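Data first, discussion second: the structure below is written as C-alpha cells.
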Amino acid sequence: MPISVLMPALSPTMEEGTLAKWLVKEGDSVASGDVIAEIETDKATMEVEAVDEGTIGKILVSEGTEGVAINTPVAVILEEGEDAAALDGFDAGGGAAPKAAPEAAAKTVAAPAPAPAAAPPPTAAPAPTAPQATPKGDRVFASPLARRMAADKGVDLAAVTGSGPHGRIVKADVEAAKPGAAQDAKAAPSAPPAKKDAPAGGLVGTLPDPRLYYPEGTYEEVALGGMRKAIAKRLTQSTQEIPHYYLTIDCELDALLRVRKELNAKGEADGIKVSVNDFIIRAAALALMKEPDCNVSYAGDALLKHAHADIGVAVALDGGLITPIVKAADTKGLAQISAEVKDLAARAKDRKLKPAEYEGGSFSVSNLGMFGIKHFTAVINPPQAAIMAVGAGEQRPVVKDGALGTATMMTVTLSCDHRAIDGALGARLLQVFKTLIEDPLTMLL
Amino acid sequence: MATSYDLAVVGSGPGGYVAAIRASQLGMKTAVIERSELGGICLNWGCIPTKALLRTSEIYAILHDLDAYGLSAKDIAFDIGKVVQRSRAVAGQLSKGVTFLMKKNKIDVVKGTAKLAGQGKLTVEQDGKTQDIAAKHIVLATGARARALPGIEPDGDTIWTYREAMVPKAMPKRLLVIGSGAIGIEFASFYATMGTDVTVVEVLDRILPVEDADVSAFALKAFKKQGMTVLTSAKVTQVAVTKGTAQVTIEAGGTSRTETFDKVILAVGITGNVENIGLEEAGVTVDRGHVQVDGYGRTGVEGVYAIGDLTGPPWLAHKASHEGIICVEKIAGLKTVHPLNTSNIPGCTYCRPQVASVGMTEAAAKDAGHKVRTGTFPFQGNGKAIALGEPEGFIKTVFDAKTGELLGAHMIGPEVTELIQGYAVARQLETTEAEVIETVFPHPTLSEAMHESVLDAYGRVIHT
C-alpha cells in the first residue's frame, strides 16, 4: 500500500510553507531518516526526513511551490514490491492542490494591492472567500418591506437598530433612519476593504456618518470630487497597509542658500530661477542613487529596485493635492529640474496632467516650508516606499563645537515603508541627503 | 377566595378573560369579576351565537339549491325554536369553556357588579351583598351595548337590539334593519335567508361603510338579488309601535313614506358601558361613550386600565383580546410589548356572501398619499369556488406602487372570513408583493384567489 508523505508542521503555529527543494527524485530509494526535501517557512528552512522505507513513487508538489498547507500530500512512497501501477487510483488524501488556509487570507485586512500570484486560490476568487472573511453570521434581520425601503432610500441596514420582534428591522425603523446616516453606529461586520468604494450609506469606513452629529442647517454639504475621493481612498489604504516609520534630521542651509543665490544671479539672463526645493529634489535623487535599496517599491513578493530616481513633487491645488513626477531626476541638472517642476505645477493647477505624469514614481518630496511649517510627517504615496517631508528653513540657535551660534536650519522627515526599507537604511539615506544639502557642491559629482 | 390581587379584571368577555389568563401566565394573582355569564357578550350574545345562527341559514340556503348538486329532498323546513336552541347551546358550551379556563389558570371568578372604589379598590355587589376587592391593577373590560336612536328606543318586543334578534320566538314576516354595519347586515342576511322580507336602511351612501367601495357595491347587488330591499342615504325618522307592529317613517331620496314592519332591529352602533362603574369619581376620562386610553390601555389614573369595546372602535373581540394582552404585559414590565397596530386588525362579516378585510381601502390609501396598485381576482376564475358552486365574489388587494407594501386586502365571497388571516399575517410580517407572489398556495383552494389577486396587481394574473 503506497504511503503518502504529508507536508509537516515544523512548528505549532505553522499553517503553510514552501516546498523549497527536493533532495530525491521519482524512482530513488529512501530509507527511514533520509532527508528527502527542504521546507521553507517565514521563520527558517527545515529538512524533511522520510519516515518509511521505500521508493519515491511520485512527487506531487514540485520544487519551489509556495503556500503548501500542512498535511498536504507532497509525495508518495511505494513500499517494497509495489510498482507504479500501485499508484493508479491511489488517493493520496489530504487536500490535493496546495491551498492557502482561507482563514489566513481573511485575517489580513485585505489582499495586498499588487496581488501576489504565489498561491492561486486566495487571490483568484475574492468572492468565494468573502463569506469566510465576514465573521460569524452577520445576517441582518429585516422585514421584506424594510429591506426594500432601505435599498430605495440608501439606508444601510447594518447601521439601523430594529424595533421589531427579536430586534428585527421593520418599516418604521427604516422610515426613521436618515439616508446615508447611522441611527446606531454598529461596527461594519467585515473589514473596510469589503466596502472599498463609496461608503455604504450610514457609515464612513467603519465610523458613523458625521451627519449624525450635526443638526441640519448648521453645515453645507459639498459633494466629493474625483481627486478628493482618490486622495481619501489611497491615503487611507496607505496608512492602513503600509507600516510607516519616521526619521527626522536637521540640515544646515546656509551654504546652499549662498550657492543658490550665485546660481540664480548667473542664470538670470537665461531666465533660470532655482528654488531651494529644486536643490532638495536633486539631492534626494542623488542620495537615492547612492543608497539604491531605498529607491524601491514593495511588491508583496519582491522588491522592485528602480533604475532611476523618479521624484514626485507634491503640489497643492484648489481642493486637492497631486504629486507630479520628475522622471529620472538623478540625470537632470538643477535648471532642468526647476523648469520641469514649474511646468508640472502649472499644468497640475490647470488639471492638465496626464496619468503617466503623476502615477508611479519611486520617491516623493513634500514641502510645506513656505507656510512656516517646521516639521511634519507625510503619508507614503503607493507604490513608493518613502516620502520626504520638508519644513521651513529658519534661523535657529545651534551649537557648534560647544559654542552657541546661529544657522539657517531646515528639518526634514523621511517616512519609510518598513516592509521595504529598514531603519538603518533609511537613516543612511538621510545622512547622504544631509551631506549633499549642507555641501551643495557635492551635487556636482 | 382571597380579596387582594395583583390584577383584577372587570368583565369576562374576550378582552377580560384573555387579559386574566395572560396575567396568570405572567405570574400575577388575578381575579375576574363578571355580573352575567362568563365570556361576555361575544360568547353569549354576540359573535358566537350569531355564527351558529348563520350556520343554520347557510345550510338552509344550500337546501334550497339541492338540485344543482344532484340532490333532492322533500319537506324542507326549519324549527326556529331548535335553531335558536342550538345557538344557545353553542354559547353555553363556550361559556363553560371559559369557566374551565379560569380554573385551569387559577383565576378567581367573582360574580357581581363591580365599581371602582378608590385607588386599588373595587366593590362588588351581588344579591344585595357587597364585598371589597383590593387589586394593585384594575383592568376595566365592561364592553359595550347597542346604541339607540333619538326617539327610537328598543322595547324588547317590537323594536329589537341584537339581543332580541338572536333569540326570536317566531320569524317575523317583515323585518326592518336600521344600520348596515356588520351586525345589521348579519341579521339581515340571516333573516332574509330564512324567508323573512328584509329591508335595510342605511344613512350613509353605501352599505358596509367601513369596507372598500367595491366590496360594498358587490354586496349591495348580491343582497338585492337575494330579495332584500336595501335603502342607502335613507333615514328612519319615526317608529310608532301599535298592536305589536311598527309603523316606520323612512326618508329617502327626498321623499318620506311610512311602512309597516313586524320587527325592527336597531343596529346603529355601539356605546361603551361606562355607567355606574365609578369612572367619574376615579377621574377616568370618558369621551362620547368610551373610556380614553393610551396604546397600553392606561387611563391616566394610577392603577386603572381599560380595554376592548369599552375604549372604542373597532368593536371587535380580537382587538379586545390583544389589547388585554398588551395591557397586562405592559403592567408586567415585558420589554417587547408595544401598542397594537390597529391597521392590522382584520374585520369579518358573516353574511352571505361573506365579507372580510384588513388594512386600508383603496380610497383610504389614496387619501393617505399613497400611489397605489390594485389587483382584483373574481372567484369566477377559481376552480374550487366553481366546484363548490359558490363562484360569486372577488379578492381585491391594494399595494403601495413605490414600495410594494401590502396596504390592504378586501374580499367578498365564499369562506373569505377564513382566508383573511393570510393577508393579516403577511401584513404583520411586512411583506411586499414579491413574497406573496413566491408563496405557493395549494390547489385547488379558494386561497389561490389570494395569490391571483396579488399577481393581478402586478399585471401577472394567470387565471383571468
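Here, each number is a calculation from the coordinates, and none is a lab measurement. Keep in mind it's a predicted model, so treat the numbers as computed, not measured. Cβ sites come from the backbone with ideal geometry, for glycine too, and all protein chains shown count toward neighbours.
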Work out from phi, with θ = phi - 60° and the Karplus expression 6.51 cos²θ - 1.76 cosθ + 1.60, the ³J(HN,Hα) of each residue of the range B:435-452, listed in order in whole Hz, and give x for Gly and Pro. 5, 5, 4, 7, 6, 8, 8, x, 10, x, 9, 5, 5, 4, 5, 5, 5, 4
If you stretched the chain out fully between residue A:26 and residue A:422, how much longer would it get, using 0.36 nm times the residue separation minus the C-alpha to C-alpha distance? 138.3 nm
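What's the average, rounded to a whole number, of partner chain beta-carbon atoms within 10 Å of each residue's beta-carbon in B:402-408?
For peptide B:402-408, the averaged partner shielding equals 3.
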Using alpha-carbon positions, the gyration tensor of chain B gives root eigenvalues a ≥ b ≥ c; with a/c under 1.5 called rounded, otherwise prolate if a/b exceeds b/c, else oblate, the class is oblate
Where the only charges are on Cβ atoms (+1 Lys, Arg; -1 Asp, Glu), what is the dipole of the range A:319-445 about its Cα centre, to the nearest 20 debye? 300 debye
So for R0 = 22 Å, FRET eff. of residue A:346-residue A:373 from the Cβ-Cβ r, to 0.05, ends up at 0.40
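How do A:298-307, B:129-138, B:9-18, A:283-292 rank on mean C-beta neighbours within 10 Å, highest first?
So the peptides A:298-307, B:129-138, B:9-18, A:283-292, ranked by packing, come out B:9-18, A:283-292, B:129-138, A:298-307.
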Which of A:242, A:166, A:6 sits closest to the plus end of the dipole of the protein assembly as shown, meaning its Cα is farthest towards the positive end, when Lys and Arg get +1 and Asp and Glu get -1 on the C-beta? A:166
Inter-site label distance for residue B:85 and residue B:256 at 7 Å from Cα along Cβ, in nm: 4.7 nm
Using per-residue counts of other Cβ atoms within 10 Å, averaged over each peptide, order A:420-428, A:329-337, B:236-244 from highest down. A:329-337, A:420-428, B:236-244
Mind running the shape call on the range B:233-274? Use the C-alpha gyration tensor, a ≥ b ≥ c as the square roots of the eigenvalues: rounded below 1.5 for a/c, prolate if a/b tops b/c, oblate otherwise. oblate
Explain nothing, just the number: dipole magnitude of the protein assembly as shown about its Cα centre with +1 on each Lys and Arg Cβ and -1 on each Asp and Glu Cβ, in debye rounded to the nearest 20. 3680 debye
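Provide a whole-number value for the mean count of partner chain Cβ atoms within 10 Å of the Cβ atoms in peptide B:430-437. Please list the in-between numbers first.
Details: counts 15, 3, 7, 1, 3, 3, 1, 0.
The per-residue average across the peptide is 4.
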Can you list residues from other chains, or at least 5 along the same chain, whose modelled amide H is less than 5 Å from the amide H of residue B:270? B:147
Cβ neighbours within 10 Å from other chains - mean over A:141-148: 5
Quickly rank B:53-66, B:342-355 as a protection proxy: mean count of other C-beta atoms within 10 Å, highest first. B:342-355, B:53-66
Each label sits 7 Å from Cα toward the beta-carbon; between residue B:337 and residue B:64 the label points are separated, in nm, by 4.9 nm
When we measure straight from the Cα of residue A:290, which lysines land under 21 angstrom away, once same-chain ones fewer than 8 places off are left out? A:305, A:327, A:332, A:434
Gyration tensor verdict on the range A:239-444 (Cα atoms; rounded if a/c is under 1.5, prolate if a/b is larger than b/c, oblate otherwise): oblate
Would you calculate the separation in nanometres between label points at residue A:216 and residue B:226, each defined as 7 Å from the Cα along the Cα-to-beta-carbon direction? 5.2 nm
Can you return the lysines within cross-link range of residue B:396? Criterion is Cα-Cα under 21 Å, with same-chain partners fewer than 8 residues away left out. B:221, B:366, B:371, B:384
